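K.L.:
Just dropping this structure here.
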C-alpha cells in the first residue's frame with residue numbers, strides 16, 4: 001500500500017497543472033456545498049432565535065391586513081382604527097389556553113429631550129407586556145399596575161433611544177422626556193433585544209401605560225391589537241379559527257367579505273423565512289452539483305491521459321507480477337486522492353469563509369460535523385467513480401504490445 005501511495009504521489013506531482021485543474025472543480029463543489037448549506041443552517045438558527053425574542057408561545061390578533069415579505073418583514077394595510085379596546089378584551093376572555101395577554105397601541109411618535117428629537121415606535125400597553133414579549137428593563141423598572149390604573153405620566157425607553165437622547169443610558173432614569181407634547185418621567189431603560197423576526201428593532205421602541213396614552217395623550221378607543229401568551233401544547237390552528245370567528249362576529253363580517261384584522265403566530269413569519277432559505281438551499285445544491293460534475297469530468301479526463309502516458313510503466317509492472325486488481329487499485333487510489341484533497345481544501349476554505357461571514361453578519365456560529373463529513377465523503381466517492389473507467393483501461397493494457405513498443 002505504501003508503494004502504491006508513493007507511485008500515486010509521484011504520478012500526480014509529475015503533472016501538477018493537470019492535477020490542480022482537475023481538483024479545482026471538486027474544490028469549488030465542496031466549497032459551495034459546505035458554505036451555502038452552513039449559511040442556510042445559520043440563518044434558520046437565527047430565525048429561531050428571533051422567534052424566541054417575540055415571546056414564549058406568542059399569539060397575536062392585529063388590526064388590518066398584516067402582510068410579510070419573503071424575508072419576514074411585516075407591513076400592515078387598512079383597518080388601523082377598527083380594532084376597539086373591547087375587541088381585545090373579548091379575544092382575551094373567549095380564547096381557551098390564554099396564560100397572559102396585553103392590548104397594544106403601536107404608533108410612530110417623536111421623543112424629545114432638550115434639543116435632541118428623534119422618531120420612535122411607541123408601544124402603549126399593560127405592565128404584563130414584559131412577560132408576554134419576553135423583555136425586561138436593564139435599568140430602572142417597567143411601569144406598574146398602579147401606574148396603569150392612575151394613567152401615570154411615565155415612560156420606559158428602548159436602549160438605542162436612551163443612547164441617542166442621553167448618550168449614556170445610565171443618565172436616563174428620572175429624567176423627563178417629551179413624547180409628542182406630553183412630558184413623561186423615564187422610569188426604566190430596556191435590555192438590548194435587537195430586531196425580531198418581523199423586522200421591528202425592539203431597541204428603538206418606547207413603552208407607556210395604555211391608559212395614559214388612550215386617555216391623556218390621544219383620547220382614543222381603538223388599539224392596534226392584542227398579544228397573547230398561550231399555554232404549552234396549544235393547537236394554534238384551532239385557536240386561529242376561534243379568534244377569527246370572534247372577530248368576524250364582532251365586526252359583522254359575513255360571507256366572503258374580507259377580514260379587517262389578522263391572526264398571527266410566530267411560525268407564520270418563520271415559515272416564510274424557511275421558504276426563502278429552502279430556495280437558497282436548492283440553489284446551493286445546484287451550484288455544488290454542477291461544480292462536482294465538472295470536477296468529476298476533469299478527474300476522468302486527466303486519469304485517461306495518465307493511463308495513456310504510463311502504458312509502459314503499466315506493462316512493466318504487469319510483467320513483474322502485478323495483477324489487474326493491483327493496477328485498478330493503483331489508479332483508483334490516485335483519482336481518489338486527487339478528489340479527496342480537492343474536496344478537503346474546499347471544505348477548509350468554506351469553514352474559513354463561514355467564520356468571516358458569521359462575524360460580519362452577526363450570525364450564530366453553526367458548524368455541522370455531519371455535513372462536513374458528507375462533503376468529504378462525497379468528494380472521495382466522486383474520485384473513485386471518475387477513476388473507475390481509467391482504472392479499468394489501465395488494467396486491460398496489452399502487456400506484450402506495450403513491451404514490444406507497439407502500444
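K.L.:
Taking region 223-250 on its own, how many of its residues are in contact (Cβ under 8 Å) with a residue 12 or more places away in the chain and part of a helix (DSSP H, G or I)?
P.N.:
9
K.L.:
Check residue 220 against each of (1) at pLDDT below 95; (2) over 37 Å from the mean Cα position of the chain (by Cα); (3) within 26 Å of residue 139 (Cα to Cα) and name the one condition it does not meet.
P.N.:
Among (1) at pLDDT below 95; (2) over 37 Å from the mean Cα position of the chain (by Cα); (3) within 26 Å of residue 139 (Cα to Cα), residue 220 violates only (3).
K.L.:
Please tell me if residue 331 is within 40 Å of the chain's Cα centre (by Cα) and at pLDDT below 85. Write out each step before concluding.
P.N.:
Numbers: within 40 Å of the chain's Cα centre (by Cα): no; at pLDDT below 85: yes.
Judged against the criteria, residue 331 is not a match.
K.L.:
OK, next. What's the total number of residues in region 312-349 that are touching a helix residue (DSSP H, G or I) at 6+ places or on another chain (Cβ under 7 Å) and under 29 Å from residue 27 (Cβ atoms)?
P.N.:
Total meeting the criteria: 23.
K.L.:
Next up: Residues of region 349-365 being surrounded by 13 or more Cβ atoms within 10 Å (Cβ to Cβ) and part of a loop (DSSP other than H, G, I, E, B), which ones? Show your work before the answer.
P.N.:
In the first step, residues of region 349-365 are kept if they are surrounded by 13 or more Cβ atoms within 10 Å (Cβ to Cβ); the result is 349-351, 353-354, 357-358, 363-364.
Of everything in region 349-365, those that are surrounded by 13 or more Cβ atoms within 10 Å (Cβ to Cβ) and part of a loop (DSSP other than H, G, I, E, B) turn out to be 363, 364.
K.L.:
Something else: In the list 163, 136, 175, 205, which residue meets the criterion of being under 29 Å from the mean Cα position of the chain (by Cα) and more than 22 Å from residue 103 (Cα to Cα)? Reasoning before the result, please.
P.N.:
Numbers: 136 fails: more than 22 Å from residue 103 (Cα to Cα); 175 fails: under 29 Å from the mean Cα position of the chain (by Cα); 205 fails: more than 22 Å from residue 103 (Cα to Cα).
Just one listed residue meets the conditions, 163.
K.L.:
Among the residues of region 151-175, write down those that are closer than 22 Å to residue 219 by Cα and in contact (Cβ under 8 Å) with a residue 60 or more places away in the chain.
P.N.:
Residues of region 151-175 closer than 22 Å to residue 219 by Cα: 151-156.
If the condition is that a residue be closer than 22 Å to residue 219 by Cα and in contact (Cβ under 8 Å) with a residue 60 or more places away in the chain, then 151, 152, 153 are the ones that fit.
K.L.:
Which of the following residues is in contact with a strand residue (DSSP E or B) (Cβ under 7 Å, 6 or more places away or on another chain) and within 17 Å of residue 225 (Cα to Cα): 170, 121?
P.N.:
Unique residue meeting the criteria: 121.
K.L.:
Residue 132 - would you say it is surrounded by 21 or more Cβ atoms within 10 Å (Cβ to Cβ), closer than 30 Å to residue 252 by Cβ, in the same structural domain as residue 226 (by TED's automatic domain parsing) and at pLDDT below 95?
P.N.:
Details: surrounded by 21 or more Cβ atoms within 10 Å (Cβ to Cβ): yes; closer than 30 Å to residue 252 by Cβ: yes; in the same structural domain as residue 226 (by TED's automatic domain parsing): yes; at pLDDT below 95: yes.
When the stated conditions are applied, residue 132 passes them.
K.L.:
When only residues in region 48-89 that are modelled with pLDDT of 90 or more and in contact with a helix residue (DSSP H, G or I) (Cβ under 6 Å, 6 or more places away or on another chain) count, which is surrounded by the fewest Cβ atoms within 10 Å (Cβ to Cβ)?
P.N.:
My answer is 87.
K.L.:
Can you confirm whether residue 352 is within 34 Å of the chain's Cα centre (by Cα), within 26 Å of residue 31 (Cβ to Cβ) and free of Cβ contacts under 8 Å to residues at least 12 places away in the same chain?
P.N.:
Spelling it out, residue 352 is indeed within 34 Å of the chain's Cα centre (by Cα), within 26 Å of residue 31 (Cβ to Cβ) and free of Cβ contacts under 8 Å to residues at least 12 places away in the same chain.
K.L.:
Right, next: Quick check on region 293-303. Is at least one of its residues in contact with a helix residue (DSSP H, G or I) (Cβ under 7 Å, 6 or more places away or on another chain) and over 22 Å from residue 21 (Cα atoms)?
P.N.:
To start, the set of residues in region 293-303 that are in contact with a helix residue (DSSP H, G or I) (Cβ under 7 Å, 6 or more places away or on another chain) comprises 294-296, 298-300, 302-303.
Now drop any that are not over 22 Å from residue 21 (Cα atoms), which leaves none.
The answer is no, given that none of the residues of region 293-303 is in contact with a helix residue (DSSP H, G or I) (Cβ under 7 Å, 6 or more places away or on another chain) and over 22 Å from residue 21 (Cα atoms).
K.L.:
Turning to a different aspect of this structure: Among the residues that make up region 372-380, is at least one of them out of contact with any strand residue (DSSP E or B) (no Cβ under 9 Å at 6 or more places or on another chain), farther than 17 Å from residue 37 by Cβ and touching a residue at least 24 places away in the same chain (Cβ under 8 Å)?
P.N.:
Yes, region 372-380 contains at least one residue that is out of contact with any strand residue (DSSP E or B) (no Cβ under 9 Å at 6 or more places or on another chain), farther than 17 Å from residue 37 by Cβ and touching a residue at least 24 places away in the same chain (Cβ under 8 Å).
K.L.:
May I ask you to say which residue of 388, 394 is more than 22 Å from the chain's Cα centre (by Cα), at pLDDT below 85, more than 23 Å from residue 35 (Cβ to Cβ) and part of a helix (DSSP H, G or I)?
P.N.:
Numbers: 388 fails: at pLDDT below 85.
Only one candidate qualifies: 394.
K.L.:
Another question, if that's okay. Could you tell me whether residue 317 is free of Cβ contacts under 8 Å to residues at least 40 places away in the same chain, part of a helix (DSSP H, G or I) and buried (at least 17 other Cβ atoms within 10 Å of the Cβ)? Give the derivation first.
P.N.:
Numbers: free of Cβ contacts under 8 Å to residues at least 40 places away in the same chain: yes; part of a helix (DSSP H, G or I): yes; buried (at least 17 other Cβ atoms within 10 Å of the Cβ): yes.
In short, yes.
K.L.:
I would also like to ask the following. Consider residue 207 carefully, then state whether it is under 30 Å from residue 265 (Cα atoms) and surrounded by 15 or more Cβ atoms within 10 Å (Cβ to Cβ).
P.N.:
Numbers: under 30 Å from residue 265 (Cα atoms): yes; surrounded by 15 or more Cβ atoms within 10 Å (Cβ to Cβ): yes.
For residue 207, the condition - under 30 Å from residue 265 (Cα atoms) and surrounded by 15 or more Cβ atoms within 10 Å (Cβ to Cβ) - is met.
K.L.:
Would you be able to say whether some residue in region 23-45 is buried (at least 16 other Cβ atoms within 10 Å of the Cβ), in the same structural domain as residue 130 (by TED's automatic domain parsing), at pLDDT 80 or above and in a helix (DSSP H, G or I)? Before the answer, list the steps.
P.N.:
Quick first cut of region 23-45, residues buried (at least 16 other Cβ atoms within 10 Å of the Cβ) only: 23-44.
Adding the requirement that they be in the same structural domain as residue 130 (by TED's automatic domain parsing) leaves none.
No, the conditions are met nowhere in region 23-45.
K.L.:
So which residues in region 245-277 are at pLDDT below 70 and either farther than 25 Å from residue 235 by Cα or more than 24 Å from the chain's Cα centre (by Cα) (or both)?
P.N.:
276, 277
K.L.:
Please tell me if residue 124 is under 33 Å from the mean Cα position of the chain (by Cα), in the same structural domain as residue 229 (by TED's automatic domain parsing), under 20 Å from residue 89 (Cβ atoms) and modelled with pLDDT of 95 or more.
P.N.:
yes
The values are calculated or read from the model by the stated rules, or taken from the named source; none is laboratory data. Please read all numbers here as calculations on a predicted model, not as lab measurements. Cβ: placed from backbone, ideal geometry, glycine included. Neighbour counts: every protein chain shown.
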